[in-house]
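Quick notes on the structure that follows.
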Amino acid sequence: MIKNKKINTLVFMAFLLGIIIALQVKSFNGNNGLVTLKSIMEIENQIELEKNDIQNLNKLIYQRKQELMNYETELEDSGSILNSLSENRKSLKMAAGVIALNGKGIKIELRDGDRELKEGENPNNIIVHDQDVLHIVNDLKIAGAEAISINGQRLSSISEIKCSGPTITINGRTYGQPFIIEAIGPVEDLIQITTGIGSYSYLLTTIYGIDVRVYEEDDIKIPAFKLNGDLQYLGEGD
Amino acid sequence: MLWAILGLALGVVVGYYIPFTYSDNYSLYISVAILAAMDSVFGAIRSSMENHYNNIMFITGFFTNALLAAFLAYLGDRLGVPLYYAPIIVFGGRLFQNFAAIRRSLVEKFLMEKKRKTRSNIE
């Protein structure tokens with residue numbers, strides 16, 4: 001009797017094992033192979049990224065629809081959308097730099113330092129370099145400057161800031177010091193990023209001894225950007 | 001032994017027809033657990049043939065081995081070390097040993113029976 005019971009357990013366990021094996025055979029898909037936690041995580045990350053993309057695209061669709069609605073209401077109200085289109089064109093022109101601009105902003109003057117050099121010190125330390133100008137320009141952009149000019153040259157998206165000895169070349173024209181950077185934008189932010197402790201221009205004045213002066217201006221005039229020659233390599237995209 | 005194999009076959013049939021599947025993610029863990037369970041069942045068949053079969057040892061071994069094997073596979077996945085090799089090697093090796101022992105005892109039984117028969121024939 002006891003032996004019988006034992007054998008029954010064995011049969012039952014074998015039965016259980018059979019069920020599990022069948023389930024495994026049924027569930028296992030040879031195409032998938034072994035799936036590790038790592039690959040699952042990677043795929044999850046990818047899905048997350050795709051979801052973000054979809055969200056962004058949906059936002060874009062929403063924006064475009066809004067614009068379309070604006071145009072439509074305008075068309076209904078006044079019979080034409082010429083006004084808003086020309087406004088659009090104007091702001092694009094302003095951003096591209098093809099028209100002269102004015103507005104509130106700041107003026108920065110950069111001059112070589114006039115302190116005495118220490119013994120054995122490199123005189124390059126007190127000279128304004130192209131990269132100093134570049135760095136300050138970038139800081140201004142970070143602070144939200146909408147238009148920047150250097151020595152009266154509008155800084156466009158293809159303007160170069162090139163070192164040419166003691167002078168700097170911008171838009172193909174060479175200027176000696178002082179370098180005057182003018183920027184239109186949120187005045188307080190611009191002043192903070194050019195005079196704040198820890199900013200790049202603060203470092204220039206305190207450590208290198210370069211003469212950096214920042215003025216707040218009510219009416220900054222930035223001339224239009226003049227293209228030198230034609231654009232040869234650009235083609236229209238989609 | 002015959003009964004155990006019959007139970008196994010019945011289990012496969014039943015398992016094939018019950019409408020239950022699990023996620024593919026667990027298939028690695030389940031497969032090493034199956035290996036452990038298979039080892040337990042073969043071990044039980046062997047010990048029942050060698051007449052030192054113990055019910056409690058078999059049942060506890062069946063479940064704890066399967067759980068430990070699955071857990072090792074999971075832990076290996078977490079640690080980035082393929083720890084599931086451990087159950088595969090240990091239980092796979094033991095499966096062959098058990099099978100060899102079963103075969104030996106079967107053959108011995110068969111031969112002994114034959115001998116007895118021939119002896120009784122001679123007498």
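Laboratory data are not the source of any read-out in this text; all were calculated from the coordinates shown. What you are looking at is a predicted structure, and each value in this text was computed from that prediction instead of being measured. Here the Cβ positions follow ideal geometry from the backbone for every residue, glycine too, while neighbour counts run over all protein chains shown.
Sorted ascending by nearby beta carbons within 10 Å, beginning with the fewest, A:L204, A:L227 become A:L227, A:L204. The phi torsions of region A:168-177, fed into the Karplus equation with coefficients 6.51, -1.76 and 1.60 and a -60° offset, translate into couplings of 10, 9, 10, 6, x, 10, 9, 10, x, 6 Hz, rounded to whole numbers, with Gly and Pro shown as x.
Scaling against 2.2 N^0.38 Å puts the C-alpha radius of gyration of region B:28-67 at 1.17. Remark: region B:70-85, residue by residue, has Karplus-estimated 3J(HN,Hα) of 5, 5, 4, 4, 5, 4, x, 4, 5, 8, x, 10, x, 5, 5, 4 Hz, where x stands for each Gly or Pro and the curve is 6.51 cos²θ - 1.76 cosθ + 1.60 at θ = phi - 60°.
Where in chain A lies the longest segment free of trypsin sites (Lys or Arg not before Pro) that are both loop residues by DSSP (not H, G, I, E, B) and have at most 15 other Cβ atoms within 10 Å? Before the final figure, lay out each step's value.
Working: sites that count: A:R115, A:K118, A:K226.
With trypsin sites (Lys or Arg not before Pro) excluded where exposed in loops, chain A gives A:1-114 as its longest stretch.
Take the Cα of A:S39, step 7 Å toward its Cβ, do the same at B:K117, and the gap between the two points is 5.4 nm.
Among B:A100, A:A100, B:F110, which residue has its Cα furthest toward the positive end of the charge dipole of the protein assembly as shown, with +1 on Lys/Arg Cβ and -1 on Asp/Glu Cβ? Final value for the positive-end residue is B:F110. Sorting B:S105, A:S39 from the fewest to the most surrounding beta carbons within 10 angstrom yields A:S39, B:S105. Here is how the number arises for the protein assembly as shown: DSSP H runs of 4 or more residues each give -39500 (n - 2.57), the sum is divided by the residue count, and the result at 222 nm is -20500 deg cm²/dmol.
Size check on the protein assembly as shown: the Cα extents along the three principal axes, sorted descending, read 130, 76, 39 Å.
Legend: P(r) of chain B from all alpha carbon pair distances, 10 Å bins from 0, whole percents, reading 12, 32, 30, 16, 6, 3, 1. Going by neighbour counts of Cβ atoms within 10 Å, the residues A:E236, A:E116, B:E50 line up, fewest first, as A:E236, A:E116, B:E50. Computed over the alpha-carbon pairs of region A:100-222, the distance histogram in 10 Å steps reads 14, 46, 32, 7, 1 percent, short to long. Simple rule: put +1 on each Lys or Arg Cβ and -1 on each Asp or Glu Cβ in the protein assembly as shown, find the dipole, and look at A:Y71, A:P166, A:S86; the Cα lying farthest toward the positive end is A:Y71.
Partner chain Cβ atoms within 10 Å, averaged over the residues of B:49-60 - can you pull that number for me?
Values: counts 0, 0, 1, 0, 5, 1, 7, 1, 0, 4, 4, 0.
Across B:49-60, the average partner-chain Cβ count within 10 Å equals 2.
From the alpha carbon centroid of region A:38-98 to that of region A:147-201 is 32 Å. Taking region B:10-52 and a reference point 7 angstrom along Cα→Cβ of A:K26, the backbone N atoms nearer than 11 Å belong to B:12-22.
Taking other residues whose beta carbon is less than 12 angstrom from the beta carbon of A:A95, and scoring Lys, Arg as +1 and Asp, Glu as -1, yields +3.
Available extension along the chain between A:Q192 and A:K226 is 9.2 nm, counting 0.36 nm per residue and deducting the alpha carbon span. Dividing the mean sequence gap of close Cα pairs (under 8 Å, 6+ apart) by how many residues region A:115-211 holds gives a relative contact order of 31 percent. Shielding of peptide B:28-38 by partners, expressed as the average count of other chain Cβ atoms within 10 Å per residue Cβ, is 3.
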